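The values are calculated or read from the model by the stated rules, or taken from the named source; none is laboratory data. Note that the coordinates shown come from a computational prediction; the quantities given were computed from them, not determined experimentally. Please note: Cβ atoms are built from the backbone with ideal geometry, for glycine as well, and neighbour counts cover all protein chains shown. For the accessible areas, the whole protein counts, side chains as well, though only heavy atoms, and no ligand, DNA or RNA atoms are used. Shrake-Rupley method; radii C 1.70, N 1.55, O 1.52, S 1.80 Å.
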Amino acid sequence: MSHAEIMKIEKLLKRYRVDEGKQFRLRDYDPADTHGLKSELKPQARDLLAHGVAELSRLQDILAAQDRWGLLLILQAMDAAGKDGTIKHVMSGVNPQGVQVSSFKAPSAEELDHGYLWRCMKSAPARGHIGIFNRSYYEEVLVVRVHPELLEKQKLPKSLVTKHVWQERFEDINAFERYLTRNGIAVLKIFLHVSKKEQKRRFMERLDHTDKNWKFSAADVTERQYWDAYQEAYNDMIRHTANVHSPWYVVPADNKWFTRLVVAAAVVHALERMNLKYPRLDGEQKAELGKARQQLENE
Ligand code: ATP
Ligand code: MG
């Protein structure tokens with residue numbers, strides 16, 4: 001990629017990256033934003049995405065070879081914002097051996113017998129790997145906050161559940177992510193920001209097209225009634241958990257072609273920050289290679 005292109009992508013990413021949450025306001029972000037890229041430029045966007053995917057594949061190879069760094073990519077969004085499609089497209093070029101996708105749904109009885117981070121810790125990526133969380137422990141300050149009855153089912157000792165519970169969860173999440181980043185596992189958080197109008201359009205599409213009927217869930221329509229409460233919860237979540245070590249990206253999600261471009265660029269950016277290098281052999285190891293070569297030649 002040329003220097004000019006890299007600068008352009010840098011600028012694009014900066015617009016959506018939140019690495020200091022205090023002043024954050026979700027309403028400053030437009031779900032339909034395309035950074036001035038017109039949809040007529042879709043073919044070019046496709047080229048850029050293909051480029052991003054190729055770059056990601058190249059970096060992943062070094063990530064695995066070096067075996068020092070890891071990457072945790074967290075995706076959060078309202079229903080039909082496009083988490084699944086984004087994962088599919090952005091990760092299309094990577095070696096499947098180096099990526100694990102974990103989806104987090106309502107917790108099981110066993111999971112509820114543990115602290116809420118437990119199930120996510122077990123799925124956190126190893127060095128050399130990319131871990132993708134399709135939903136995550138952030139649901140604990142989103143769906144659980146919007147539906148307080150879920151908190152009651154969590155079997156927490158009563159005396160520990162006070163009005164500070166959300167603030168405490170933010171603190172624990174920040175501490176957990178700091179711990180990961182201090183261990184070389186970078187944390188990248190993506191909020192796919194879709195508008196209420198576009199969500200409706202996509203639900204309708206699921207009703208209208210036979211091939212998409214399977215995606216439709218009446219529960220999603222019920223959940224839509226809590227739209228404002230969710231937006232408020234997302235706003236507060238980002239305010240309290242966006243920082244330089246593990247930034248949030250608020251990615252406009254009304255146009256899928258643009259969403260994918262930004263997410264691919266954000267993942268590439270996170271890997272680039274690791275300054276990845278293939279391992280270099282020391283003198284002794286090189287001598288070993290020399291010996292092996294000789295052995296093969298003498299066969
Ligand atoms: P898709 O619909 O594309 O298959 P999804 O992620 O929406 O993917 P669902 O099975 O529809 O999957 O929904 C999972 C549900 O589990 C979501 O409504 C989410 O809010 C809920 N969930 C996830 N984590 C928790 C949690 N810790 N506590 C309660 N509910 C949770
Ligand atoms: Mg769903």
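Kindly provide the set of residues from region 260-291 that are open to solvent by 50 Å² or more (accessible area, probe 1.4 Å) and without any contact (Cβ under 8 Å) to a residue 60 or more places away in the chain, ordered by number. Steps first, answer last, please.
Filtering region 260-291 for residues open to solvent by 50 Å² or more (accessible area, probe 1.4 Å) gives 272-273, 275, 277-289, 291.
Within region 260-291, Asn275, Arg280, Leu281, Asp282, Gly283, Glu284, Gln285, Lys286, Ala287, Glu288, Leu289, Lys291 meet the criteria.
Please tell me if His245 is open to solvent by 10 Å² or more (accessible area, probe 1.4 Å) and outside any helix (DSSP H, G or I). It would help to see each step written out before you state the result.
Details: open to solvent by 10 Å² or more (accessible area, probe 1.4 Å): yes; outside any helix (DSSP H, G or I): yes.
Taking the combined requirement at face value, the residue satisfies it.
How do the pairs read when you match residues in region 198-217 that are under 20 Å from Ala77 (Cα atoms) and acidic (Asp, Glu) with residues anywhere that are open to solvent by 60 Å² or more (accessible area, probe 1.4 Å) and within 16 Å of ligand 2 (Cβ to nearest atom), using Cβ under 8 Å and keeping only pairs 6 or more apart or on different chains?
Glu205/Lys212
Results for (1) over 18 Å from Lys256 (Cβ atoms); (2) more than 12 Å from ligand 1 (Cβ to nearest atom); (3) of a type in the set (Asp, Glu); (4) buried (at least 19 other Cβ atoms within 10 Å of the Cβ), shown as yes or no for each residue.
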| site | (1), (2), (3), (4) |
| --- | --- |
| Gly70 | yes, yes, no, yes |
| Met78 | no, no, no, yes |
| Ser108 | yes, no, no, no |
| Lys122 | yes, yes, no, no |
| Ala126 | yes, yes, no, no |
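Output the number of the condition that Lys197 fails; it satisfies all remaining conditions of (1) surrounded by fewer than 20 Cβ atoms within 10 Å (Cβ to Cβ); (2) of a type outside the set (Phe, Trp, Tyr); (3) closer than 19 Å to Val263 by Cβ.
(3)
Working carefully through the options Phe203, Phe170, find the one that is in contact with an Asp or Glu (Cβ under 8 Å, 6 or more places away or on another chain) and in a helix (DSSP H, G or I). If you could, list the steps in order and put the result at the bottom.
Details: Phe170 fails: in contact with an Asp or Glu (Cβ under 8 Å, 6 or more places away or on another chain).
When all the criteria are applied, what remains is Phe203.
Would you point out the residue of region 43-87, among those that are in contact with a helix residue (DSSP H, G or I) (Cβ under 6 Å, 6 or more places away or on another chain) and among the polar types (S, T, N, Q), that is farthest from ligand 2 (Cβ to nearest atom)?
Of everything passing the filter in region 43-87, Gln60 is farthest from ligand 2 (Cβ to nearest atom).
Go through the residues of region 219-238 one by one and say whether even a single one is more than 27 Å from Asp172 (Cβ to Cβ), outside any strand (DSSP E or B), open to solvent by 40 Å² or more (accessible area, probe 1.4 Å) and touching a residue at least 60 places away in the same chain (Cβ under 8 Å).
Yes: region 219-238 contains one or more residues that are more than 27 Å from Asp172 (Cβ to Cβ), outside any strand (DSSP E or B), open to solvent by 40 Å² or more (accessible area, probe 1.4 Å) and touching a residue at least 60 places away in the same chain (Cβ under 8 Å).
Out of everything in region 91-117 that is in contact with a helix residue (DSSP H, G or I) (Cβ under 7 Å, 6 or more places away or on another chain) and of a type in the set (A, V, I, L, M, F, W, C), what residue ends up being farthest from ligand 2 (Cβ to nearest atom)?
The selected residue is Val94.
Residues checked against (1) among the aliphatic types (A, V, I, L, M); (2) in a strand (DSSP E or B); (3) touching a residue at least 24 places away in the same chain (Cβ under 8 Å):
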position	(1), (2), (3)
Arg58	no, no, no
Leu72	yes, yes, yes
Ala81	yes, no, yes
Val94	yes, no, yes
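Which ones in region 209-218 are within 16 Å of ligand 1 (Cβ to nearest atom) and either assigned to a helix (DSSP H, G or I) or in contact with a Phe, Trp or Tyr (Cβ under 8 Å, 6 or more places away or on another chain) (or both)?
Correct list: Asp211, Lys212, Asn213, Trp214, Lys215, Phe216, Ala218.
Name the single residue, out of those in region 14-64 being more than 16 Å from Ala242 (Cα to Cα) and touching a Pro at 6+ places or on another chain (Cβ under 6 Å), that is surrounded by the most Cβ atoms within 10 Å (Cβ to Cβ).
Here the answer is Pro31.
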